[in-house]
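Each remark here refers to the structure printed beneath this line.
Laboratory data are not the source of any read-out in this text; all were calculated from the coordinates shown. Note that the structure is predicted; figures quoted are calculated from it, not measured. Please note: Cβ atoms are built from the backbone with ideal geometry, for glycine as well, and neighbour counts cover all protein chains shown.
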Amino acid sequence: MKKLVIFGSGGGLGAKILPLLKERYEVLAPSSKEVDLTSLQQTKAFFKENQVDIVLNMSGKKYDVFLSKLTEEDTVEVDSMLDVNIKGNINVLASCLPQMVERRWGRVIAISSVFAELNVPKNSLYSASKAFVDRLMSSANRENIKYGVTCNTIQLGYWDGGMCYRIEQEYQDMAKDKIGLKRWGSIEELNNTVNYLVDNEYACGINLRIDGGL
């Protein structure tokens with residue numbers, strides 16, 4: 001049985017997918033208090049103590065602000081978002097890749113967003129951070145695929161859990177109307193996508209968009 005570590009399992013989609021992952025993998029699910037991904041020292045320490053085959057990074061943060069209205073107070077939240085979305089993924093790669101390269105097998109999957117490719121008001125900084133993750137994982141894949149290590153992202157649309165629940169009902173209805181399937185994605189569909197990227201080595205260096213026809 002492959003060993004998988006999931007970061008960001010404390011709430012939202014991470015908490016929902018956790019039981020499904022446990023049906024197939026030996027799962028580690030450290031909390032953000034146990035492993036702060038924005039700290040390279042803590043992230044490296046975790047992987048030094050735990051040898052894993054698959055990394056699923058579902059940790060993420062979203063903060064909306066118009067660039068023209070950015071204030072000093074906003075920068076605290078912006079810095080926190082960039083630390084989690086950007087630095088967190090850098091630290092994960094720097095920490096897990098050495099052992100995967102040595103064993104000649106590994107899977108790294110990071111959760112991205114369709115916003116990485118969409119121009120939505122107030123979302124420019126969040127979108128840019130997810131676009132960074134897409135390019136980071138694709139480039140990391142190029143560097144490590146020869147060792148049997150794949151790196152991919154899943155660009156999520158609107159899903160049954162997590163950030164979607166924070167949207168006001170009026171905007172939830174508007175968002176659903178834009179989706180071809182007229183519904184949120186299910187946690188089972190997300191789990192199937194994770195398994196697909198684990199099983200298919202030839203699917204590598206991709207930013208897989210699953211959005212129900214958004």
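Assorted remarks:
- The stretch 171-214: chymotrypsin sites (Phe, Trp or Tyr not before Pro) in DSSP coil with no more than 10 other Cβ atoms inside 10 Å: 202
- At least 20 Å along the helix axis (C-alpha) and Kyte average at least -1.0, DSSP helices within the chain: 88-103, 124-144
- Dipole of the stretch 3-210 computed with +1 at Lys/Arg Cβ and -1 at Asp/Glu Cβ about the Cα centre; of 123, 92, 52, farthest Cα towards the positive end is 52.
- The charge dipole of the chain, taken about its Cα centre with unit charges on the Cβ atoms of Lys, Arg (+1), Asp and Glu (-1) only, comes to about 580 debye.
- Debye intensity ratio in log₁₀ form over the Cα atoms of the stretch 1-117, taken at each q of 0.14, 0.18, 0.20, 0.22 Å⁻¹: -0.62, -0.94, -1.11, -1.29
- For the set 22/178; 69/182; 2/48; 33/87; 87/178, the pairs lying more than 22 angstrom apart at their alpha carbons are 22/178; 69/182; 87/178.
- Under 5 Å, built H, 5+ apart or other chain: amide partners of residue 113: 156
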